[in-house]
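Here the structure comes first, spelled out in structure tokens, and everything after it is commentary.
Coordinate-derived values only; no laboratory data. Not measured: the values here are computed from a predicted model. Quick reminder, even Gly has a Cβ in these numbers, built from the backbone with ideal geometry, and neighbours come from all protein chains shown.
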């Protein structure tokens with residue numbers, strides 16, 4: 001296979017990740033947010049797997065496997081169970097309108113393209129495109145986190161942000177510790193999800209809407 | 001002797017790691033508290049060995065003049081805090097705020113946090129440093145939520161989410177720095193080592209370094225509590241156990257700043273990049289003014305001192321932003337003095353909150369009459385943190401303002417005004433807390449005063465007469481920082 005084809009496939013997969021990030025932005029029900037999150041992780045798994053193949057970096061297959069197994073299957077199942085147990089699977093929540101959020105998202109993607117393609121002008125093509133698209137995914141993840149108030153969709157936003165980071169790390173050829181970093185992130189996500197379970201935010205606050213938490217600020221008196 | 005020195009480097013993370021494992025299974029909390037102290041003493045002993053036998057940099061570890069002092073400071077404050085923690089948790093058990101099961105978890109997490117911070121300090125590798133900061137953050141998140149009250153759960157949730165975003169951005173910055181270094185240093189570990197990066201800084205891609213530094217400043221700046229990424233800090237300080245407030249303010253903020261400093265060193269060596277100082281001055285002044293104004297409206301005593309930490313992080317970022325030999329010396333001194341003073345204040349405040357059964361400032365008055373020891377140490381601590389002579393913070397702030405006047409008078413005026421604003425708020429609160437008629441409802445309390453006196457004693461000593469070797473060390477590191 002020519003290197004141009006290899007590059008194009010990597011490019012398409014990374015672009016697909018940005019597209020799925022956009023899909024997540026306009027989901028208004030929690031269960032569909034979680035489904036899109038699973039798709040996001042699956043696309044990431046393919047993108048990283050492809051990187052492992054074209055870079056001849058077998059250790060990246062571990063990262064890809066982690067994305068496909070843990071983030072695309074285990075975590076979404078756990079989140080679905082949280083949402084069901086809390087009885088909020090139909091909850092609609094978004095701050096501001098969907099169209100406004102989408103416009104903001106387009107702006108962020110444009111920004112990251114302009115910034116990264118210029119700054120990484122001297123890096124090799126694969127790394128440059130990957131980092132630019134990865135920054136778009138990261139910024140879209142942050143947008144998701146700030147436009148949603150619900151704890152579960154904030155987790156979804158954070159996970160998509162983190163998927164963008166893994167994409168960037170895999171694209172930076174030969175970067176050491178990528179596998180270790182992806183494992184560390186998976187542990188972090190597991191902690192966050194278990195935290196929601198263990199701290200029983202639902203039981204204590206009667207909602208996982210984090211605006212309700214504001215009432216408990218120590219200085220509310 | 002290099003073998004011994006290398007073992008000592010490993011020991012600074014191996015001892016707390018082993019201790020964490022043991023403490024997780026020790027059933028008796030008294031024994032656990034003692035073991036916690038012993039592990040902390042052993043860790044600082046290992047760090048002290050490095051003063052005499054410094055190993056050559058390896059792929060993973062690097063001990064140089066910059067990090068050795070932070071390692072020692074980490075060991076020292078970790079040690080005194082473990083002493084304070086032993087007497088603090090005894091009271092928490094009596095009042096039923098904590099159960100022995102949670103304490104086992106608490107002690108193990110305390111040592112995990114030390115592992116994370118020490119790893120971030122001694123490593124030669126950008127990725128490992130990132131991992132160390134993440135580990136320290138996660139363990140403190142869990143300790144902040146340990147009381148399981150709605151307020152503490154909110155605080156730890158907020159800390160977790162903001163901290164995770166910070167960590168993520170810092171990693172993106174790290175990847176960009178790697179990309180900048182890859183063409184020069186080749187793929188693999190070599191392009192992620194501090195020792196190599198500094199050496200080849202001039203050849204690195206400046207555009208990538210610039211953007212990378214912005215991400216790193218925002219990412220690690222979140223951990224350091226710089227405005228506008230500070231929102232987690234007051235909650236985490238106020239709602240967690242007080243020993244954790246002391247190490248958060250005293251150590252974790254320093255470790256995050258240390259990470260920023262390392263990257264700034266690389267940028268300073270490369271002349272094609274933007275001036276990182278301007279960004280740090282801007283963030284620093286913003287933090288200083290924001291925190292100084294917020295100090296006036298605080299009703300919670302731990303929140304008050306948490307905002308004071310933001311204020312000091314702002315001053316420190318400003319000092320390194322101004323840079324130059326004097327600015328850097330002032331910044332380093334301020335970092336040391338702030339961490340010693342602030343942890344001493346939290347030791348006092350922890351016992352005060354236990355003695356009074358509340359953290360509300362309005363419900364605490366006349367401490368010097370009702371609890372002379374705690375009251376007067378708090379007076380001394382607040383005087384020190386507000387920057388009154390003869391304490392060490394006066395020295396560093398004076399140095400900073402005078403050196404800034406010589407280079408940028410307008411900035412010096414702004415800085416001085418910000419410090420005075422904070423000074424006013426702190427003194428105002430201190431007079432109501434410590435003087436006047438004592439408020440009702442206090443419990444007897446057996447305070448451990450040794451850590452408080454030790455910290456304030458050092459701050460006083462350095463304020464009165466800084467030892468020559470310390471000044472020489474500061475001057476040397478200041479030139480490294482550029």
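The Cα atoms of the stretch A:102-191 give a gyration tensor whose axes a ≥ b ≥ c have a/c of 1.5 or more with a/b no greater than b/c, which makes the shape oblate.
Structural descriptor for the stretch B:275-482: relative contact order 29 percent, calculated from alpha carbon pairs under 8 angstrom and at least 6 residues apart. Shielding of peptide B:111-123 by partners, expressed as the average count of other chain Cβ atoms within 10 Å per residue Cβ, is 0. Once the Kirkwood radius over Cα pairs is known for the protein assembly as shown, the Stokes-Einstein relation at 4 °C and 1.567 mPa s delivers a diffusion coefficient of 50 µm²/s. Counting every other Cβ atom within 10 Å of each residue's Cβ, A:180, B:154, B:275, A:129 order from fewest to most as B:275, A:180, A:129, B:154. Debye calculation, C-alpha points only, no solvent: report log10 I(q)/I(0) for chain B at q = 0.09 Å⁻¹, in the same order as the q values. Result of the Debye calculation: -0.55. Shape of the stretch B:36-136 from the C-alpha gyration tensor: prolate (a/c of 1.5 or more and a/b above b/c, with a ≥ b ≥ c the square roots of its eigenvalues).
Of the peptides A:4-11, A:143-150, B:436-443, A:186-193, the ranking by mean beta-carbon count within 10 Å, highest at the top, reads A:143-150, A:186-193, A:4-11, B:436-443. Extension gain for the segment residue A:124 to residue A:81, taken as residue separation times 0.36 nm less the Cα-Cα distance, is 11.1 nm to one decimal. Report, in degrees rounded to the nearest 10, the 0 to 90 angle that the Cα long axis of helix B:324-356 makes with the longest principal axis of chain B. So the inclination is approximately 30 degrees. Please list, in order, the residues from the stretch A:154-188 whose amide nitrogen is less than 14 Å from a point placed 7 Å along the Cα→Cβ vector of residue B:59. Inside the label zone: A:175-178. The listed peptides B:163-175, A:106-118, ordered by packing as a protection proxy, come out as B:163-175, A:106-118 (highest mean of other Cβ atoms within 10 Å first). Over the C-alpha atoms of the stretch A:3-66, the Rg to Rh ratio, Rh being the Kirkwood estimate, stands at 1.07. Gain on full extension, evaluated as 0.36 nm per residue between residue B:360 and residue B:48 minus their Cα-Cα distance, stands at 108.3 nm. Counting Cβ atoms of other protein chains within 10 Å of each residue's Cβ and taking the mean over peptide A:107-118 gives 1.
Max-minus-min Cα coordinates of the stretch B:335-412 on each principal axis give 49, 20, 19 Å, with the largest extent listed first.
Within 10 Å of the Cβ of each residue in B:156-162, the mean number of Cβ atoms contributed by other protein chains is 4. Among B:376, B:157, sorting on how many other beta-carbon atoms sit within 10 Å of each Cβ, with the fewest leading, yields B:376, B:157. Rounded to two decimals, the Cα radius of gyration of chain A over 2.2 N^0.38 Å is 1.05. For chain B, averaging the sequence separation of C-alpha pairs within contact (under 8 Å, six or more residues apart) and dividing by the residue count gives a relative contact order of 14 percent.
Tell me whether the stretch B:405-458 comes out rounded, prolate or oblate; compute the Cα gyration tensor, take square roots of the eigenvalues as a ≥ b ≥ c, and use a/c under 1.5 as the rounded threshold. Since a/c reaches 1.5 but b/c is at least a/b, the shape of the stretch B:405-458 is classed as oblate. Relative contact order for chain A: 24 percent, from Cα pairs under 8 Å spaced at least 6 residues apart, divided by residue count.
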